[in-house]
Amino acid sequence: MRSRRPSPRRFWRDRRGASAVEFALIAPVLILMYCGMAELTQAMMAQRRVSNITSSIGDLTAQASQTGPARTTDIFNIGAIIMTPFPTSGLKMCLASIVSDANGKNTVAWSRASEAGMTNCPAQGAVLTDVPKAVLSANKSVILARVAYVYSSPIQLVLPKPLTFNRTLYLRPRRVDAVLWSAAS
């Protein structure tokens, strides 16, 4: 009786487990690509929502002749609703009216942030130098809508650190020369 010891030549010609080995080698790469695409897609969706929020809150403010605390709170609530299903804990919104005088000096007439301590929301009375000349000419006003959102990926495989999305939009008031602040609104 001969022993059935596999010879090295037969071992290298045997292909019975080749597919399993190939799959084991390629599977981690495929899983990483799948998770990475899912993370990047979610981040792009969050970034698009930030752009939509900036446009919406600015547009709602620019349509009014005056605004106030109650109205801006409602507008910020609308912005938070647009952000769903993403968490709104990292969402910060700012609305401001910027008025230019005859000399082209841009001053913040009023400003309101969705959260206290929003660093990129200009304070009332501040002089802004970063407003593009094509956007705000002398003796005119614009509404500044600014949104910042900190996005943290739920998987954190490809995007382990949070990303911050910032959007700024300038809109001209539609019905009046300048949207006024009224404590009663």
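Would you mind stating whether S153 is assigned to a loop (DSSP other than H, G, I, E, B) and either among the aliphatic types (A, V, I, L, M) or farther than 30 Å from A46 by Cα (or both)? No; evaluated as a whole, the condition is false for this residue. Tell me whether the range 158-180 contains one or more residues that are assigned to a loop (DSSP other than H, G, I, E, B), free of Cβ contacts under 8 Å to residues at least 40 places away in the same chain and farther than 30 Å from M37 by Cα. So far as the range 158-180 goes, yes, one or more of its residues are assigned to a loop (DSSP other than H, G, I, E, B), free of Cβ contacts under 8 Å to residues at least 40 places away in the same chain and farther than 30 Å from M37 by Cα.
Return yes or no: is T73 over 19 Å from the mean Cα position of the chain (by Cα), surrounded by fewer than 21 Cβ atoms within 10 Å (Cβ to Cβ) and in a strand (DSSP E or B)? In short, no.
Per the listing V127, V135, V158, the residue uniquely modelled with pLDDT under 95, more than 24 Å from N52 (Cα to Cα) and β-branched (V, I, T) is V158.
There is at least one residue in the range 28-43 that is modelled with pLDDT under 95 and in contact with a Leu (Cβ under 6 Å, 6 or more places away or on another chain). In this structure, does S89 turn out to be part of a loop (DSSP other than H, G, I, E, B) and modelled with pLDDT of 90 or more? Yes: the conditions hold for S89. All of (1) touching a strand residue (DSSP E or B) at 6+ places or on another chain (Cβ under 8 Å); (2) closer than 27 Å to Q47 by Cβ hold for T119 with one exception: (1). Identify, please: which residue in the range 126-141 is more than 20 Å from T67 (Cβ to Cβ) and charged (D, E, K, R) and is, among those, surrounded by the fewest Cβ atoms within 10 Å (Cβ to Cβ)? Once the filter is applied, the top-ranked residue is D130. The single condition from (1) surrounded by fewer than 21 Cβ atoms within 10 Å (Cβ to Cβ); (2) closer than 18 Å to L171 by Cβ that L144 fails is (1). Scanning the range 160-184 for residues being surrounded by fewer than 17 Cβ atoms within 10 Å (Cβ to Cβ) and not β-branched (V, I, T) gives a total of 12. Is it fair to say S51 is touching a Leu at 6+ places or on another chain (Cβ under 7 Å), in a helix (DSSP H, G or I), closer than 27 Å to R112 by Cα and in contact (Cβ under 8 Å) with a residue 60 or more places away in the chain? No; evaluated as a whole, the condition is false for this residue.
The values are calculated or read from the model by the stated rules, or taken from the named source; none is laboratory data. A quick note: this is a predicted structure, and the numbers were derived from the prediction, not measured. Virtual Cβ from ideal backbone geometry, glycine too; neighbours counted across all protein chains shown.
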